[in-house]
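Written below as structure tokens is the structure these notes are about.
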Amino acid sequence: MSISDALQPHPPHVALFPSAGMGHLTPFLRLAALLVHHHCRVTLVTTHPTVSLAESHFVSRFLSAFPQVSEVQFHLLPLDPSTVNSADPFWLRFEAMRRSAHLLSPLLASLSPPLHALVFDVTLISSVIPVTQPLHIPSYILFTSSARMLSFFSYFPTFASNATHDSAQIPGLTPIPRSSIPPLLLTSDSLFANIVKEDSPKVPNLNGIVINSFEGLEAESLEALNGGKVIQGLPSLFAVGPFAACEFERGECGDQLKWLDEQPTGSVVYVSFGSRTAMSRNQTREIGNGLIKSGYRFLWVVKDKKVDKEEEEGLDEVLGHELMEHMQGKGLVVKNWVDQGEILRHRAVGGFVSHCGWNSVVEAAWHGVPILGWPQHGDQKINAEVVEMSGLGMWVRRWGWAEQVVVKREEIGERIREMMGSELLRRKAAGVKEEARKAVRDGGSCGINLMRLFQEWKTSK
Ligand code: UDP
Ligand code: UDP
């Protein structure tokens, strides 16, 4: 029986409720596309305006590609920023969503046919469960980071009870050193720490957890989680990754692809720090000079502001005229949204300098592109550890967190040469790609886990 056949004649109706930022929205919409592909009925809960322009373009593109998906617009209560210990616009949105979540109740109750499940963001656990429980709607999260990070998140209440440890010794996992733990989680009273403190103990109250990962990338953590080692009472885990870029995401990147077409196979290093990491000007200029020093051709995406709407200055101002001149003919530098899926797929790309945002890691795995990890914030060091353990790439621990140090051009150039020149890394990354492809083939883990998920949903009503 095929997966879609298993859902007939009454396919489940599932609502998806992502939180802010492309790193959260992207896997939700990829999951939505997968569910539609298997003939589920999907409702997408959206909030407007989105924090970034990239998010609103992405949602519009998705809804035009999938007219069978219903959109429910969720209106948020105004948030007084002075009541929140964070200035990050994405975090402020998380908090606004948490404080407005009770308003979801009538929206969810009115959906027809009744929901078989609500799949929501991890940052909404403690505010959404009180809404879904009285309505008898099964609660699932799509965890938008690695299984290693999920292990840490689930284990957090135990870790926090004795936070002086040098490392998090999670049963079944290679210890996570204190230096890899998201710094905000070690800062009492940060908004992030408060959310995690409140939400992580509630993990056992969920009906299930969906994650964009697969054995070939994260055997250790998935085994520990599935084997019940990490915490008692972990709900069912469904590793339905790897998610790769879908057709509806393909954007305008003609110039970059044309340029890549002209480059030899495996000769280009692609550099991007994701959708919400702006570097200091100093660091940005060191990266530019480091790329020149590496001697490799490069495709570099520069970001000067955390939120794309606030980008004002052009490359000339951000990089300076002199650096711009020096880079002439050596690579391509852009300061706008790129179609990362198409870039990583291109045969000319031989390596990826990445902040190790989880979506970027899985995309690189899908295409077998080796990573030089340069984690900046949050979960990214924990993800970089996965990159290293899986063989997909390497990272330099002494580069620290963003803003701790300015990494110098010589060091950057040297590490890029090391990654681009390593035949061993290339072979290992190709092995991870093979595992990724195996996971989505007939009989692979993605299909098996989706089938388990659908069976749970079918029996939930
Ligand atoms: N992305 C993209 N083009 C860009 C910047 C980012 O397509 O110019 C995509 C990238 O492929 C990934 C997502 O945006 O799917 C970013 O998520 P990730 O988890 O890698 O990092 P975050 O942006 O959340 O830090
Ligand atoms: N794809 C999928 N499930 C996944 C990953 C990818 O169904 O987990 C689909 C993807 O949406 C695309 C196709 O597989 O339609 C091929 O992916 P892509 O073009 O990224 O890879 P290629 O095989 O060309 O390198």
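Between PRO106, PRO89, which is farther than 21 Å from GLU310 by Cα, open to solvent by 30 Å² or more (accessible area, probe 1.4 Å) and not hydrophobic (A, V, I, L, M, F, W, C)?
PRO106
Would you point out the residue of the range 332-349, among those that are closer than 17 Å to ILE416 by Cα and open to solvent by less than 10 Å² (accessible area, probe 1.4 Å), that is nearest to ligand 1 (Cβ to nearest atom)?
So, considering only residues that are closer than 17 Å to ILE416 by Cα and open to solvent by less than 10 Å² (accessible area, probe 1.4 Å), the one nearest to ligand 1 (Cβ to nearest atom) is LEU344.
I'm trying to understand the selection: among the residues of the range 244-270, which are in contact with a Phe, Trp or Tyr (Cβ under 8 Å, 6 or more places away or on another chain) and either closer than 26 Å to SER56 by Cβ or among the acidic types (Asp, Glu) (or both)?
Within the range 244-270, ALA244, PHE248, GLU249, GLY251, TYR270 qualify.
Could you check the range 196-214 and list, in sequence order, the residues that are part of a helix (DSSP H, G or I) and out of contact with any Ser or Thr (no Cβ under 6 Å at 6 or more places or on another chain)?
Across the range 196-214, the qualifying residues are VAL196, LYS197, SER200, PRO201, PRO204, ASN205.
This table checks each residue for (1) over 22 Å from the mean Cα position of the chain (by Cα); (2) free of Cβ contacts under 8 Å to residues at least 40 places away in the same chain.
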| site | (1), (2) |
| --- | --- |
| GLU313 | yes, yes |
| ASP316 | yes, yes |
| GLY320 | yes, yes |
| LEU332 | yes, no |
| ARG347 | yes, no |
| ALA364 | no, no |
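Would you be able to tell me the number of residues in the range 251-267 that are within 16 Å of ligand 1 (Cβ to nearest atom) and either of a type in the set (Val, Ile, Thr) or within 21 Å of LYS309 (Cα to Cα) (or both)?
Within the range 251-267, residues that are within 16 Å of ligand 1 (Cβ to nearest atom) and either of a type in the set (Val, Ile, Thr) or within 21 Å of LYS309 (Cα to Cα) (or both) number 3.
Restricting attention to the range 218-242, report how many residues are within 12 Å of ligand 2 (Cβ to nearest atom) and either over 22 Å from HIS38 (Cβ atoms) or surrounded by fewer than 22 Cβ atoms within 10 Å (Cβ to Cβ) (or both).
Residues in the range 218-242 being within 12 Å of ligand 2 (Cβ to nearest atom) and either over 22 Å from HIS38 (Cβ atoms) or surrounded by fewer than 22 Cβ atoms within 10 Å (Cβ to Cβ) (or both): 0 in total.
When only residues in the range 117-155 that are open to solvent by 30 Å² or more (accessible area, probe 1.4 Å) and of a type outside the set (A, V, I, L, M) count, which is farthest from TRP457 (Cα to Cα)?
Filtering first and then ranking leaves TYR155.
Hey, any hits in the range 282-292 for a residue that's part of a helix (DSSP H, G or I), open to solvent by 70 Å² or more (accessible area, probe 1.4 Å), more than 13 Å from MET327 (Cα to Cα) and of a type outside the set (A, V, I, L, M, F, W, C)?
yes
Could you grab the pairs with beta carbons closer than 7 Å, sequence gap of 6+ or different chains, first residue in the range 444-461 and farther than 19 Å from VAL36 by Cβ, second one assigned to a helix (DSSP H, G or I) and open to solvent by less than 90 Å² (accessible area, probe 1.4 Å)?
SER445/GLU215; SER445/ALA439
May I ask you to list the residues in the range 350-379 that are open to solvent by 20 Å² or more (accessible area, probe 1.4 Å) and more than 14 Å from ligand 2 (Cβ to nearest atom)?
HIS377, GLY378, ASP379
Is it the case that ALA244 is more than 30 Å from ASP166 (Cα to Cα), in contact with a Gly (Cβ under 9 Å, 6 or more places away or on another chain) and either of a type in the set (A, V, I, L, M) or in contact (Cβ under 8 Å) with a residue 24 or more places away in the chain (or both)?
Considered against the rule, which asks whether it is more than 30 Å from ASP166 (Cα to Cα), in contact with a Gly (Cβ under 9 Å, 6 or more places away or on another chain) and either of a type in the set (A, V, I, L, M) or in contact (Cβ under 8 Å) with a residue 24 or more places away in the chain (or both), ALA244 comes out as yes.
Any idea which of TRP399, TRP358, TRP366 is more than 10 Å from ligand 1 (Cβ to nearest atom) and under 30 Å from ASP261 (Cβ atoms)?
None of the other options fit; the residue is TRP366.
Looking at TRP300, is it within 16 Å of ligand 1 (Cβ to nearest atom), touching a strand residue (DSSP E or B) at 6+ places or on another chain (Cβ under 8 Å), of a type outside the set (S, T, N, Q) and in a helix (DSSP H, G or I)?
In short, no.
Can you name every residue in the range 391-420 that is part of a helix (DSSP H, G or I) and open to solvent by 30 Å² or more (accessible area, probe 1.4 Å)?
Hits for the range 391-420 are ARG397, ARG398, ARG409, GLU410, GLU411, GLU414, ARG415, ARG417, GLU418.
The values are calculated or read from the model by the stated rules, or taken from the named source; none is laboratory data. Computed from a prediction, not measured in an experiment: that's the story for all the values here. No Cβ is skipped: glycine too gets one built from the backbone with ideal geometry, and neighbour counts run over all protein chains shown. When the accessible area is computed, the model is the full protein with side chains, heavy atoms only, and any ligands, DNA or RNA have been set aside. Shrake-Rupley method; radii C 1.70, N 1.55, O 1.52, S 1.80 Å.
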